[in-house]
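Structure, as structure tokens:
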Amino acid sequence: MFRFLIRISAFISKELAEILRQTPLILTLVLGPFLILLLFGIGYRSEARPLRTVFVLDGNSEMKQQVEEYAKNLGPQLIYEGTTSDQNAAMNNLRRGTVDVVVVVPPDAMETIQNNQQAVVTLYHNEIDPYQVSYVEAFGEAYIGAINQRLLHSATKQGQEQASSMQGTVQTARGSVQSLRQAMEQGGFQAVQSDKKDLVAKMENDLTKLDSQLTEFDRMQPNVMISPFKSEIKGLVRTRITPAEFFAPAVVILLLQHLAVTFASLAIVREHSSGSMELFRVSPLGSFEILIGKYLSYLIIGGILAAAITATIVLGLKVPMQGSWRDYALVLLVLLFTSLGLGFVISLVAKTEMQAVQYAMFLLLGSVFFSGFFLDLRYLLEPVRSISWALPATYGIRMLQDTALRGAPINALLLFALLGIGLALLMISWFLLRRRLQLSV
């Protein structure tokens, strides 16, 4: 039993010594996830994001002045971007992302309300995230409710003023009736006709006016009186995107990035540990040829995996494909190319396979938090948001969602930015590989 314990303790001491010799790795394992969470906590803002809103009104609409007055004081979640009579121009701004919401006020709103109907105010947005769509819907209901409340307050105040004026009219009419009765008692109908003719006409006019206002008040529906306006939310993407459909492109991008980074991050480390780097050094192969060969190999493997994952989400989960398959494939190709470059840099920096795998996991964790996978990037503060644009997944998710769910063409700026990052990583990998081979001499 004593010898048995001795042999076991030898392994314990060996493994503890091995781990303690890798202090940087231990610190990375412990502090890395906390650093990611710390940056996310610093950069995340929990308040509702303000929406840049432009109002479309008829140039001669009597509502224009009231809309401008109300919109500037409705609250911090509405950023007033002005009014316009050109709805097409406002929609183009919405597509380009310079505004978040376009509010179209009907030109005959007051006539509609006077005809005992609610006027429909249409809010257009360009969101595909189901949670952002729900936010815009709540935004529309809240602010239309605020407008209705202000109109009701204004109408109540105006009604009180009219009631005060009408009270004077009623008192005048009562006085006229008393004078008329006295005249009838004193001089008969002949005196009434001669002396009180104007007074009787004024009484009739006042009573007719009062009767008209009471009739109009009685005719109005209670819901129209309380809520003269109602909101209708419309998206530029006509179909309603479910959460599963919305997250499917992001899952594809995140899986492909992680697979490509993991494969590439183990490539050079494994060659070095197996002794193949010594063979490469004495062979006629150049560092660029080695790198390009590995790029092509993993691009083929990544393409097969991408096809399998795409078939699963399209045929299995019934995720719609609104755009071009050519654009879809181009986005995945550039993403795989850039992700492989990132993986090769990790492989040339890491000293062991454990370090390479750990760095790949940190990249996956960071991509989950900062790529827009589950949280809209607009909720991150600007200094922390810059981390997002250093990740290939951020570009891929944005482009693939636009292509697959919006049916929009590829954003050339994002595509060339991602390709530029991939080319830069290729050059860095080439430099590091040449240096590794030269140091092996």
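Among what's in the stretch 76-99 and is free of Cβ contacts under 8 Å to residues at least 60 places away in the same chain and aliphatic (A, V, I, L, M), pick the residue that is nearest to residue 55 (Cα to Cα). Write out each step before concluding.
At the first step, the residues of the stretch 76-99 found to be free of Cβ contacts under 8 Å to residues at least 60 places away in the same chain are 76, 79-90, 92-93, 96-99.
Filter again for aliphatic (A, V, I, L, M), leaving 79, 89-90, 99.
Details: 79: 11, 89: 12, 90: 8, 99: 11 Å.
Among residues in the stretch 76-99 that are free of Cβ contacts under 8 Å to residues at least 60 places away in the same chain and aliphatic (A, V, I, L, M), the one nearest to residue 55 (Cα to Cα) is 90.
Would it be correct to say that residue 67 is closer than 21 Å to residue 123 by Cα, at pLDDT 85 or above, β-branched (Val, Ile, Thr) and outside any loop (DSSP other than H, G, I, E, B)?
no
Restricting attention to the stretch 252-274, and to residues there that are more than 26 Å from residue 329 (Cα to Cα) and of a type outside the set (D, E, K, R), which single residue is modelled with the highest pLDDT?
268
What residue, of 343, 396, is assigned to a helix (DSSP H, G or I), within 27 Å of residue 292 (Cβ to Cβ) and touching a Pro at 6+ places or on another chain (Cβ under 9 Å)?
None of the other options fit; the residue is 396.
Just to be sure I understand the filter: pairs with C-beta atoms under 7 Å, separated by 6 or more residues or on different chains, first member in the stretch 409-427 and in the same structural domain as residue 328 (by TED's automatic domain parsing), second member of a type in the set (Phe, Trp, Tyr) and in a helix (DSSP H, G or I). Which pairs pass?
Every condition considered, the pairs that remain are 414/395; 417/395; 418/395; 422/337.
Looking at (1) in contact with an Asp or Glu (Cβ under 7 Å, 6 or more places away or on another chain); (2) part of a helix (DSSP H, G or I), which is the only condition residue 357 fails?
(1)
Can you report the number of residues in the stretch 366-386 which are assigned to a helix (DSSP H, G or I) and either in contact (Cβ under 8 Å) with a residue 40 or more places away in the chain or of a type in the set (D, E, K, R) (or both)?
So in the stretch 366-386, the residues assigned to a helix (DSSP H, G or I) come out as 366-370, 377-379, 382-386.
Filter once more, so that each one left must be either in contact (Cβ under 8 Å) with a residue 40 or more places away in the chain or of a type in the set (D, E, K, R) (or both): 366-370, 378-379, 382-385.
Of the residues in the stretch 366-386, 11 are assigned to a helix (DSSP H, G or I) and either in contact (Cβ under 8 Å) with a residue 40 or more places away in the chain or of a type in the set (D, E, K, R) (or both).
Scan the stretch 35-61 and report the pairs whose first residue is under 14 Å from residue 377 (Cα atoms) and whose second residue is modelled with pLDDT of 80 or more and of a type in the set (Ser, Thr, Tyr), with Cβ atoms within less than 6 Å and a gap of 6+ or a chain change.
45/379
Say we look at the stretch 401-413 and pick out the residues that are touching a Ser or Thr at 6+ places or on another chain (Cβ under 9 Å) and part of a helix (DSSP H, G or I); which of these is nearest to residue 391 (Cα to Cα)?
Among those that are touching a Ser or Thr at 6+ places or on another chain (Cβ under 9 Å) and part of a helix (DSSP H, G or I), it is 403.
Being aromatic (Phe, Trp, Tyr), touching a residue at least 40 places away in the same chain (Cβ under 8 Å) and either surrounded by fewer than 20 Cβ atoms within 10 Å (Cβ to Cβ) or more than 24 Å from residue 36 (Cα to Cα) (or both) is the filter here, so list the residues in the stretch 325-365 that pass it. Walk me through it before giving the result.
So the first thing to find is which residues in the stretch 325-365 are aromatic (Phe, Trp, Tyr), and the list is 325, 328, 337, 344, 359, 362.
Filter once more, keeping what is touching a residue at least 40 places away in the same chain (Cβ under 8 Å): 328, 337, 344, 359, 362.
Selection gives 328, 337, 362.
What pairs come out if I take residues in the stretch 100-116 that are on the phi > 0 side of the Ramachandran plot and pair them with residues that are modelled with pLDDT under 70 and surrounded by fewer than 22 Cβ atoms within 10 Å (Cβ to Cβ) whose C-beta lies under 9 Å away, six or more apart or interchain?
Listed pairs, sorted by first residue: 116/219; 116/220; 116/221; 116/224.
Just the residues that are of a type in the set (A, V, I, L, M, F, W, C) and part of a helix (DSSP H, G or I), please, taken from the stretch 81-102.
89, 90, 91, 94
Kindly indicate which of 105, 121 is modelled with pLDDT under 85, out of contact with any Gly (no Cβ under 9 Å at 6 or more places or on another chain) and not assigned by TED's automatic domain parsing to the domain that holds residue 246.
Working: 121 fails: out of contact with any Gly (no Cβ under 9 Å at 6 or more places or on another chain).
Of 105, 121, the one residue that is modelled with pLDDT under 85, out of contact with any Gly (no Cβ under 9 Å at 6 or more places or on another chain) and not assigned by TED's automatic domain parsing to the domain that holds residue 246 is 105.
If residue 36 satisfies every condition in (1) at pLDDT 75 or above; (2) in contact with a Leu (Cβ under 9 Å, 6 or more places away or on another chain); (3) over 21 Å from residue 350 (Cβ atoms) but one, which is the exception?
Residue 36 satisfies every listed condition except (3).
The values are calculated or read from the model by the stated rules, or taken from the named source; none is laboratory data. Source: prediction; values computed, not measured. In this analysis, Cβ positions are derived from the backbone assuming ideal geometry, glycine residues included, and neighbour counts consider all displayed protein chains.
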